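All remarks here apply to the structure that follows.
The numbers here are math on the coordinates, done by the rules we state, and not lab data. None of these values were measured; they are calculated from a predicted model. Cβ: placed from backbone, ideal geometry, glycine included. Neighbour counts: every protein chain shown.
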Amino acid sequence: MEINFIGGAYTGRSTNLNAQTCQNLYPVIDNQGGKSVLALYPTPGLKEWHDPAYEAEVRGLHVMGNFLYAVIGPRVYRLSTGAVAVRMTGDIGTTTGRVRMANNGSQLLITDGALGYILSGATVTEITDADFPIPSSCAYQDGYFFVTEKDTYNFYMSDSLDGTSWDGTNYEAAFVDPDPLVAIISTYRELWLFGTQTYEVWGYTGETFPYALIEGSFAKIGCIAAASAAEFQGTIAWLDDQRAVRATQGYQAVRISTQQVEYQLARYDTVSDAIGFFYNQEGHIFYVLQLPSENKTWVYDFTTTLWHTRASAASDIRSRANCYVLFGDKHIVGDYENGKIYEYDLDKYTEDGNTLRRIRAAQSVHKDRKILFHNQLEIEFEAGVGLATGQGSDPQAMLDWSDDGGHVWSNEHWASIGKVGEYKNRAVWRRLGRSRERIYRVTVSDPVKTIIIGAHLEASSGRN
C-alpha cells in the first residue's frame, strides 16, 4: 500500500498526534499528470558568490540601479553583476543587527535603529539634520524617504528627493492606537505602518503631507519582530504580537501559520529578533523566517501553503541566509556571521561546500489499532544521482522509525539511492518488525539530488 509519506513540518504539542518533520526538503505539487501529485524536492544549496575576506554579519542587501549594496558589519560595499566589490568610503556606526535600506535612484538611505546614513556616489555620511529622528525603520515612496521614529507612533518624511534634509514639521502619527511603530513598508503607493499591537495603511493624497489613513485598514494585530516584516508583489508577511505568522489579503491579515508551527514559536524564549524575507524560485514563493536567538529557520511556501524547516550544515542550526535580494536573475543571500555572500542554487546540494542533512519524518502508519507486520518498505527516490567520486558516489538513505509516537527512535538502517546512472535502483528495507503504529523517518546527508516521490509499504494485519 502507498503510505502518506510526503508532507510538511508539523510537529505539534503531541508527537503522538503529529510528529512530521521536513528539513531541507520542500513539498511540491504536480497537477499536470505526473507519477505522483506530491513529492519532496531539495532546498537550494549555497554557492559562494563573493567573499570580502572580512568576517562579520551581512546585515542587509539592496539593489539600486545596476549595483548591489551590502552592509557587512559597519562597512558598505558596492558589487557589480560580476561580483566585483568596492568598499564605500565611510562606515556606519554599529557593527551588528539588521539594517533597513531604501533608495530614491541616486541616494541610498541606511538605518540601523540608532542613526541614519546616506550613500551618495561612493561615500557614506551620517544624516546630521537635527530634525532627523532616531529611526526604527525606513521606506521610499513618491519622491520621499519615510522613517518611523523609535519608541513613538510618529513617522517622518524627508524633503523631496533628498535624504539628507528633514523638516521636523513633516511628520504624522499613526494615531488610531498609540502603540510604538516598529516597521514601515511601501507597496503600490501605500505605506503600511506596523506597531507593536496594531497596523494601519496610509494612501497617497497629494496634500502637503501626501499620505492619509485609509479607512477600514486598521487592525488590532501587531508586529513582535520588526525585521520579520517583508513584502513581495503586494503581499506582506510578518510575525505578529501573538507569535502567529500573518500575510496580507487586501487590508486583512490572515494566519498562514498552523497550530503546530505556532506551538513551536510559542516555545522559543526570544523571537523579537526574527528576520523575514521573500523569494520566488521556479514558481514557488517562499517566506523565510529566521529566528537568530533560537537558531531555527521556518519557511512557508505560498504556492503549496505548506511549511518546512531549513538547517545549516553545522549541527542543524539555522540556515546561513541572513538577508536576501534578487540581483538580475540571481537569488543572493548574505551570511549571518562570516561576511560571505552566496547564491541560492537548486543544482547545488551543499552549503558553501558543507553537506546538509535532509530529513523527512512521515505521517503515522496505522490500521484500526491492529498490529501490523512490516514486511517491506520502499521509498521511491529519483535514483542514479550518485557523484562520480568522493562522498555521494554511492549515496545512502538512512531509515529509522518510532513505534511510540515519536518519543524513541530505532537504530538507523541504510540503503543506497543509486550510484551514478543506476536509474532503476530501489531503496528497499525488509523485515522491519511489527507495531501498532509507526512513524518512518529518512535522512540523506550525501551532497546529491534528493527527490522523494513516495513510499510503498508491504504489511499484513495481526490481532487487534
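Positive end of the charge dipole of the chain (Lys, Arg +1 and Asp, Glu -1 on Cβ, about the Cα centre): tell me which of Phe175, Gln249, Leu115 has its Cα farthest that way.
Going by the Cα projections, it comes out as Gln249.
Please report, to one decimal in angstroms, the Kirkwood hydrodynamic radius of region 344-464 built from all distinct Cα-Cα pairs.
One over the average 1/r among Cα pairs gives 15.3 Å for region 344-464.
Helix-only mean residue ellipticity at 222 nm, the chain, DSSP H runs n ≥ 4 weighted -39,500 (n - 2.57), per residue, nearest 500. What is it?
Working: 1 runs with 9 residues, N = 464.
It comes out at -500 deg cm²/dmol, rounded to the nearest 500.
Which one of Ile317, Ile6, Gln281 has its Cα pushed farthest toward the positive end of the charge dipole of the chain, where Lys and Arg give +1 and Asp and Glu give -1 at the Cβ?
Farthest along the dipole direction, towards plus: Ile6.
Kindly write out, for region 429-446 in residue order, the coupling ³J(HN,Hα) from the Karplus curve 6.51 cos²θ - 1.76 cosθ + 1.60 (θ = phi - 60°), rounded to whole Hz, with x marking Gly and Pro.
Values per residue, Gly and Pro as x: 10, 10, 6, 9, x, 9, 6, 7, 8, 8, 10, 8, 10, 10, 10, 10, 10, 7 Hz.
Counting Lys and Arg as +1 and Asp and Glu as -1, each charge on the Cβ, what is the dipole of the chain about the Cα centre in debye, to the nearest 20? Show your work: numbers first, answer last.
Numbers: 40 positive and 55 negative charges, 491 e Å.
Charge dipole, the chain, about its Cα centre: 2360 debye, nearest 20.
Based on the alpha carbon coordinates of the chain, what radius of gyration and maximum Cα-Cα distance (Dmax) apply, in Å?
Radius of gyration, then largest Cα-Cα span, for the chain: 24.6, 81 Å.
Tell me, what ³J(HN,Hα) does each residue in region 197-210 have, in order and in whole Hz, if you take phi through Karplus 6.51 cos²θ - 1.76 cosθ + 1.60 with θ = phi - 60° and put x for Gly and Pro?
Computed from phi, the couplings for region 197-210 are 10, 9, 9, 8, 10, 10, x, 6, 10, x, 6, 4, 9, x Hz.
With the contact rule set at Cα under 8 Å and sequence spacing of 6 or more, what percent relative contact order holds for the chain?
Numbers: 1282 pairs, mean separation 81.3, N = 464.
Result for the chain is 18 percent.
Sort 166-172, 289-295, 457-463, 181-187 by the packing proxy (mean of other Cβ within 10 Å over each peptide's residues), most packed first. Mind showing how you got there, number by number?
On the way: 166-172: 15.1, 289-295: 20.1, 457-463: 13.0, 181-187: 22.3.
Highest to lowest by the protection proxy: 181-187, 289-295, 166-172, 457-463.
For region 210-352, what does the convex hull of the Cα positions come to per residue, in cubic angstrom?
Details: hull volume 20.2 nm³, N = 143.
Enclosed volume per residue, from the Cα hull, is 141 Å³.
Sort 241-248, 35-42, 191-198 for me by packing, meaning the mean count of neighbouring Cβ atoms within 10 Å per residue, highest on top. Before the final figure, lay out the partial values.
Details: 241-248: 20.0, 35-42: 17.5, 191-198: 22.6.
Going from most to least packed, we get 191-198, 241-248, 35-42.
Whole angstrom only: what separates the Cα centroid of region 14-54 from the Cα centroid of region 224-243?
The distance from the Cα centre of region 14-54 to that of region 224-243 comes to 22 Å.
Cα-based Rg of region 12-72 per 2.2 N^0.38 Å, rounded to two decimals?
Details: Rg = 19.6 Å, N = 61, 2.2 N^0.38 = 10.5 Å.
In units of the 2.2 N^0.38 Å rule of thumb, it is 1.87.
From the gyration tensor of the Cα coordinates in region 19-111, what semi-axes in whole Å does the equivalent ellipsoid have, largest first, with each one equal to sqrt(5λ)? Let's see the in-between values first.
Working: eigenvalues 271, 54, 38 Å².
So the equivalent ellipsoid measures 37, 16, 14 Å along its semi-axes.
If you take the charge dipole of region 293-443 about its Cα centre, with +1 on Lys and Arg Cβ and -1 on Asp and Glu Cβ, which of Ser293, Thr303, Ala361 is farthest toward its positive end?
Going by the Cα projections, it comes out as Ala361.
Search the structure for amide H atoms under 5 Å from the amide H of Arg434, placed 1.01 Å from N in the peptide plane, and list their residues when 5 or more places away or on another chain.
The list, which skips near neighbours in sequence, is His374.
Return the subset of Lys419/Lys449; Lys296/Lys330; Lys35/Lys330; Lys35/Lys296; Lys47/Lys424; Lys47/Lys330 for which the Cα-Cα distance in this structure is over 23 Å, preserving the input order. Numbers along the way, then the final one.
On the way: Lys419/Lys449 12 Å; Lys296/Lys330 25 Å; Lys35/Lys330 31 Å; Lys35/Lys296 33 Å; Lys47/Lys424 30 Å; Lys47/Lys330 11 Å.
Cα-Cα > 23 Å for Lys296/Lys330; Lys35/Lys330; Lys35/Lys296; Lys47/Lys424; rest within.
Could you tell me how far the Cα centroid of region 135-185 sits from the Cα centroid of region 363-405, in Å?
Using only Cα atoms to place each centre, the spacing works out to 54 Å.
What number do you get for region 265-341 when its Cα radius of gyration is normalised by 2.2 N^0.38 Å, N = residues? List each step's numbers first, then the result.
Working: Rg = 12.7 Å, N = 77, 2.2 N^0.38 = 11.5 Å.
That works out to 1.11 for region 265-341.
Would you kindly derive the ³J(HN,Hα) couplings of region 145-156 from the backbone phi angles with the Karplus curve 6.51 cos²θ - 1.76 cosθ + 1.60 (θ = phi - 60°), listing them in order in whole Hz, with x for Gly and Pro?
Result, ordered by residue: 8, 10, 9, 8, 8, 4, 6, 9, 9, 9, 9, 10 Hz.
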